[in-house]
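Input: a single structure, listed below in structure tokens.
The values are calculated or read from the model by the stated rules, or taken from the named source; none is laboratory data. In this text the structure is predicted, and so the values were computed from the model without any measurement. No Cβ is skipped: glycine too gets one built from the backbone with ideal geometry, and neighbour counts run over all protein chains shown. With ligands, DNA and RNA removed, areas are computed over all heavy atoms of the protein, side chains included. Shrake-Rupley method; radii C 1.70, N 1.55, O 1.52, S 1.80 Å.
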Amino acid sequence: MSTITEPNSQEVNTSSEDKQTIKTTLTIEEIQELLPHRYPFLLVDRIIDYVPGKKAVGIKNVTFNEPQFQGHFPGRSLMPGVLIIEAMAQVGGIVMTQMPDSKGGLFVFAGIDKVRFRRQVVPGDQLVMTVELLWVKQRRFGKMQGRAEVDGQLAAEGELMFSLIS
């Protein structure tokens, strides 16, 4: 039995006879199939690297046309820190929604720890967010480490907690 591997996927052995193809990138349409968020609150444009059960790397293209920049701040647009954290949480949500035995439920953002902001994020920036799974308990709670970077410079980092609701 042969497996066709798409350009943005990897072949994974699930048993000695069975092979499964896992996508390693996701388009905005595929993200919308996994996350309930929609405009103006969907803050992930693409997943550029996905390792099931471990991590996801997503990008957010920050544009001046986004509604928050009308008031944050006139004449000096800055992406609010809470939206940077929310964008990281949405990338983490991609990992959590794909965990075995969690399909059909909704993972919600349950808490943050050790968050630090290191660099301003402004229109024109591309925010690259890496979120790695630290642990899952009882298939209902998860903790992840998130990093957001712009041009290779750390913009924000912290630990994100998730809870599964039915």
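With respect to the numbered conditions (1) surrounded by 14 or more Cβ atoms within 10 Å (Cβ to Cβ); (2) touching a Leu at 6+ places or on another chain (Cβ under 8 Å), which one is the sole condition not fulfilled by GLY111?
Looking at each condition in turn, GLY111 falls short on (1).
Quick one: in segment 41-76, of everything that is assigned to a loop (DSSP other than H, G, I, E, B) and open to solvent by 70 Å² or more (accessible area, probe 1.4 Å), which residue is farthest from ASP125 (Cα to Cα)?
It comes out as LYS54.
Kindly indicate whether any position in segment 125-132 is more than 24 Å from ILE28 (Cβ to Cβ), hydroxyl-bearing (Ser, Thr, Tyr) and open to solvent by 20 Å² or more (accessible area, probe 1.4 Å).
No, segment 125-132 contains no residue that is more than 24 Å from ILE28 (Cβ to Cβ), hydroxyl-bearing (Ser, Thr, Tyr) and open to solvent by 20 Å² or more (accessible area, probe 1.4 Å).
Tell me which residues, restricted to segment 141-162, are open to solvent by 20 Å² or more (accessible area, probe 1.4 Å) and at pLDDT 95 or above.
LYS143, GLN145, ARG147, GLU149, ASP151, GLY152, GLN153, LEU154, GLU157, GLU159, MET161
Being buried (at least 19 other Cβ atoms within 10 Å of the Cβ) and of a type outside the set (Ser, Thr, Tyr): is that true of ALA89 here? I'd like the intermediate steps shown before the answer.
Details: buried (at least 19 other Cβ atoms within 10 Å of the Cβ): yes; of a type outside the set (Ser, Thr, Tyr): yes.
So ALA89 fits the description; yes.
Are there any pairs, at least 6 apart or on different chains, whose C-beta atoms fall under 8 Å, with the first in segment 94-106 and among the charged types (D, E, K, R) and the second open to solvent by 60 Å² or more (accessible area, probe 1.4 Å), and if so, which?
Final answer for the pair search is ASP101/ARG139.
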